[in-house]
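Below is one structure, written out as structure tokens; comments come after it.
The values are calculated or read from the model by the stated rules, or taken from the named source; none is laboratory data. Bear in mind the structure is a predicted one, so any value in this text is a computation, not a measurement. Note that each Cβ is placed from the backbone with ideal geometry, even for glycine, and that neighbours are counted across all protein chains shown. The protein model used for the area step is the full one, side chains on, heavy atoms only, and it has no ligands, DNA or RNA in it. Shrake-Rupley method; radii C 1.70, N 1.55, O 1.52, S 1.80 Å.
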Amino acid sequence: MIPWYKSSFGHEYLKLYAHRDENEAQADIEAIIELIAPPRDKPLLDLGCGAGRHLTALYRLGFRSLTGLDLSEELLQVAQERLTAAGAKNVKLLCCDMRFLPYKEHFASVLSLFTSFGYFARDAENAAVLHAVYRALQLRGKFLIDYINREYLLANLVQEEEKILAGEQVKIARQLTADHRRIEKTMFITTAAGIEKKFHESVRLYTPAEIEAMLKSAGFTSVCRYGSLRGERFTSQSARLIVVAETCPRPGPGKGK
Ligand SMILES: C[S@@+](CC[C@H](N)C(=O)[O-])C[C@H]1O[C@@H](n2cnc3c(N)ncnc32)[C@H](O)[C@@H]1O
């Protein structure tokens, strides 16, 4: 069976999440610049870049060594069109599974935005993403994850919802797994022609402490949490969990005795 994360991110995804647009991305990137000061002249990776809205904002804000990685060829094609329209040159787009990030000590900054983490069924696979990012980062590189706050989601879960999105009727069903370790979201769309389509998402709900422990076991030393990209204090009521992890100096040969 094709895993959900391979079949759910195409043109239909862009319609369903049309409100997640370039304006929002621009505000996100401005906040990230304040929060972690990613260097504009050093390599930056948008991991799970989708249709390139954050890459476009980064380019507009002066970043000149950009890479986007995503598994969806369809979304990467939209990203390329969007970047070309913005006059962004030399942005590398890579179609690849995030677990197999093919870089070593290359990026100064890696961003994982709008819940692009926790998709895999097994914890070891999600941990493999963190190991791959650690390997891909330079010394004192920073990794920012914009993720769900599990406690907030448990307290505010809307199980059923109906909306008109992009002119189509959409029913949304959200359910926790019995062990409360994943959130399962299914969207049923009825097109104007009366055709029914179904999209699924399934995200592992790590607690802040669990993510921090996973980052540390991947090699990160300094790990901080925030309640928003604007650097607000994290509490159980924060809608988001933002984690910033940094790589420490790696011990050289002959050192550490
Ligand atoms: C929720 S979307 C967020 C996209 C983008 N960060 C944004 O804010 O618009 C998650 C993205 O992760 C990508 N993705 C899913 N599984 C992936 C994998 N195994 N490796 C790389 N990218 C993946 C999807 O194709 C999708 O573009």
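For region 174-189, state whether one or more residues are at pLDDT below 95, crowded, with 18+ Cβ neighbours inside 10 Å and farther than 30 Å from E34 by Cβ.
Within region 174-189 (the criterion being at pLDDT below 95, crowded, with 18+ Cβ neighbours inside 10 Å and farther than 30 Å from E34 by Cβ), the answer is yes, since at least one residue qualifies.
Listed here are the residues, each with its yes/no results for (1) of a type in the set (D, E); (2) open to solvent by less than 30 Å² (accessible area, probe 1.4 Å); (3) within 15 Å of the ligand (Cβ to nearest atom); (4) at pLDDT 95 or above.
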| site | (1), (2), (3), (4) |
| --- | --- |
| Q138 | no, no, no, yes |
| K142 | no, no, no, yes |
| E151 | yes, no, no, yes |
| A166 | no, no, no, no |
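Is there a residue being of a type outside the set (A, V, I, L, M), farther than 23 Å from Y147 by Cα and at pLDDT below 95 anywhere in region 68-89? Write out each step before concluding.
Just the residues of region 68-89 that are of a type outside the set (A, V, I, L, M), to begin with: 68, 70, 72-74, 77, 80-82, 84, 87, 89.
This time we only want the ones that are farther than 23 Å from Y147 by Cα, so: 73-74, 77, 80-82, 84, 87, 89.
Subset that is at pLDDT below 95: 89.
Within region 68-89, one or more residues are of a type outside the set (A, V, I, L, M), farther than 23 Å from Y147 by Cα and at pLDDT below 95.
All but one of (1) closer than 19 Å to Y5 by Cβ; (2) open to solvent by 10 Å² or more (accessible area, probe 1.4 Å) hold for Y147; which doesn't?
With respect to (1) closer than 19 Å to Y5 by Cβ; (2) open to solvent by 10 Å² or more (accessible area, probe 1.4 Å), Y147 is out only on (2).
Give the residue, chosen from T207, T177, T191, that is without any contact (Cβ under 8 Å) to a residue 60 or more places away in the chain, within 21 Å of L144 (Cβ to Cβ) and polar (S, T, N, Q).
Working: T177 fails: within 21 Å of L144 (Cβ to Cβ); T191 fails: within 21 Å of L144 (Cβ to Cβ).
On inspection, the qualifying residue turns out to be T207.
Output the residues belonging to region 26-37 that are free of Cβ contacts under 8 Å to residues at least 40 places away in the same chain and near the ligand (Cβ under 10 Å from one of its atoms).
none
Filter region 83-128 down to the residues that are within 15 Å of the ligand (Cβ to nearest atom), part of a helix (DSSP H, G or I) and free of Cβ contacts under 8 Å to residues at least 40 places away in the same chain and list them by number.
Residues satisfying the conditions are L83, R99, F100, A124, E125, A128.
Kindly establish whether R20 is open to solvent by 50 Å² or more (accessible area, probe 1.4 Å) and within 9 Å of the ligand (Cβ to nearest atom). Outline the logic, then answer.
Numbers: open to solvent by 50 Å² or more (accessible area, probe 1.4 Å): yes; within 9 Å of the ligand (Cβ to nearest atom): yes.
Answer is yes for this residue.
For region 198-217, what are the residues that are modelled with pLDDT under 95 and either open to solvent by 70 Å² or more (accessible area, probe 1.4 Å) or touching a Cys at 6+ places or on another chain (Cβ under 8 Å) (or both)?
Hit for region 198-217 is K198, nothing else.
Can you tell me which residue is farthest from the ligand (Cβ to nearest atom) among those in region 5-17 that are over 12 Å from S72 (Cβ atoms) and not basic (K, R)?
Residues of region 5-17 over 12 Å from S72 (Cβ atoms): 15-17.
Still in the list and also not basic (K, R): 16-17.
Values: L16: 10, Y17: 7 Å.
It comes out as L16.
Inspect all residues belonging to region 218-227 and state whether any of them is at pLDDT 95 or above, outside any strand (DSSP E or B), of a type in the set (S, T, Y) and out of contact with any Cys (no Cβ under 8 Å at 6 or more places or on another chain). First the steps, then the outcome.
Going residue by residue through region 218-227, those that are at pLDDT 95 or above are 218-220, 223-227.
Still in the list and also outside any strand (DSSP E or B): 218-220, 227.
Imposing the further condition that a residue be of a type in the set (S, T, Y) reduces the set to none.
Scanning region 218-227 turns up no residue that is at pLDDT 95 or above, outside any strand (DSSP E or B), of a type in the set (S, T, Y) and out of contact with any Cys (no Cβ under 8 Å at 6 or more places or on another chain).
Which residue is farthest from the chain's Cα centre (by Cα), if the candidates are limited to region 46-80 and must be open to solvent by less than 10 Å² (accessible area, probe 1.4 Å) and more than 11 Å from the ligand (Cβ to nearest atom)?
Of everything passing the filter in region 46-80, F63 is farthest from the chain's Cα centre (by Cα).
Which residues, counting only those in region 153-164, are touching a strand residue (DSSP E or B) at 6+ places or on another chain (Cβ under 9 Å), open to solvent by 40 Å² or more (accessible area, probe 1.4 Å) and either at pLDDT 90 or above or not in a strand (DSSP E or B) (or both)? Steps first, please.
Keep residues of region 153-164 that are touching a strand residue (DSSP E or B) at 6+ places or on another chain (Cβ under 9 Å), which gives 153-154, 157-164.
If we keep only those that are open to solvent by 40 Å² or more (accessible area, probe 1.4 Å) as well, we get 154, 157-164.
Listed by number, the residues that qualify are L154, L157, V158, Q159, E160, E161, E162.
Quick check, is R40 open to solvent by 40 Å² or more (accessible area, probe 1.4 Å), within 11 Å of the ligand (Cβ to nearest atom) and assigned to a loop (DSSP other than H, G, I, E, B)?
Details: open to solvent by 40 Å² or more (accessible area, probe 1.4 Å): yes; within 11 Å of the ligand (Cβ to nearest atom): no; assigned to a loop (DSSP other than H, G, I, E, B): yes.
Here the answer is no, as R40 does not meet what is asked.
Of the residues in region 52-82, how many are under 17 Å from E24 (Cβ atoms) and either among the polar types (S, T, N, Q) or in a helix (DSSP H, G or I) (or both)?
Going through region 52-82 one residue at a time, the tally reaches 12.
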